[in-house]
Amino acid sequence: MSAIYILWLRELKKYTRSRTQIVASLGQPLLYLFVLGFGFGPVFRRAGEGSYLQFVAPGVIGVTILFTSIFSGMSLLWDRQFGFLKETLVAPVPRMHVMLGRTLGGATVAMLQGTLMAVVCLIAGFRPASLAAAPLGAVFMLLIALVFVALGVSIGASLQDLQGFQLIMNFLVMPIFFLSGALFPLNNLPAALAALTRLDPMSYGVDGLRAALLGAAHFGVGTDLAVLATVAATLLWLGAWRFSKIEA
């Protein structure tokens, strides 16, 4: 357990020491929040859907966690390229502990980024329906982080170079993001698009955040929690298996 704590703490120290990383990782979500949030606001109101900023803020918080989490796999490849991973793997600790420490560290960093984005949303004018639902929102943030950190580690453990990781991320991250319903309602979609959104685990994360912060859910809170927990457990198992096969 001490190895898990040490690796978790290492990820946090890397995060707190890199102010550039903190600012850069918020750049794209801020663009979505301010440009789309205020730009599409009049259209959204004319359609009778209320405030678009209120609608899009939970999606932007979820997307911030998504981007931060899944690119944690990049650090695995970076450590392998510069030899840091070999030093970790030869340590007399189970590889499962190494993988869990990195995953929990990445998930904690992603939640911190999501919390920073939530503060920015509040400053921009977003108002949650009830502060009493904040713990439920934190649960969904944690599940989103675990799902996509585990996915990033699974992919990072399967690749040998940064170029391959970037290629897969470009074909994976953006579809996950755009199909999640972070930017548009999931009601009344064409059948094919509705089916794709149901296959996207991020859809249940965004829906869960909206349920917690706004009191409105498309799938239902129970379904959101069950799907995210199942996907998180599956990807954690897959990540642990792939990490056990990795060669530094």
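Some values worked out for this structure:
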read-out	value
Among (1) in a helix (DSSP H, G or I); (2) free of Cβ contacts under 8 Å to residues at least 40 places away in the same chain, the one test that Gly208 misses	(2)
Residue within region 233-243 that is among the hydroxyl-bearing types (Ser, Thr, Tyr), assigned to a helix (DSSP H, G or I) and free of Cβ contacts under 8 Å to residues at least 12 places away in the same chain present	yes
Tally, over region 199-215, of residues that are exposed (fewer than 13 other Cβ atoms within 10 Å of the Cβ) and in contact with a helix residue (DSSP H, G or I) (Cβ under 9 Å, 6 or more places away or on another chain)	1
Residue under evaluation Arg10, criteria (1) modelled with pLDDT of 70 or more; (2) more than 30 Å from Arg127 (Cβ to Cβ), criterion not met	(1)
Residues of region 180-197 that turn out to be without any contact (Cβ under 8 Å) to a residue 12 or more places away in the chain and either crowded, with 23+ Cβ neighbours inside 10 Å or within 19 Å of the chain's Cα centre (by Cα) (or both), as a count	1
Qualifying residue in region 189-205 (condition: aromatic (Phe, Trp, Tyr) and assigned to a loop (DSSP other than H, G, I, E, B))	no
Test for Leu189: is it modelled with pLDDT of 85 or more, within 22 Å of Val60 (Cα to Cα) and not polar (S, T, N, Q)	no
Hits in region 79-134 - residues which are touching a Ser or Thr at 6+ places or on another chain (Cβ under 9 Å), in a helix (DSSP H, G or I), more than 18 Å from Ser244 (Cα to Cα) and at pLDDT below 85	Gly105, Gly106
Test for Gly152: is it surrounded by 21 or more Cβ atoms within 10 Å (Cβ to Cβ), under 15 Å from Gly59 (Cα atoms) and small (Gly, Ala, Ser)	no
Check on Glu49, acidic (Asp, Glu), more than 17 Å from Leu209 (Cβ to Cβ), assigned to a helix (DSSP H, G or I) and modelled with pLDDT under 80	no
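The values are calculated or read from the model by the stated rules, or taken from the named source; none is laboratory data. Just so we're clear, the structure is a prediction, and the values are computed from it rather than from any experiment. Backbone-built Cβ (ideal geometry, glycine too); neighbour counts: all protein chains shown.
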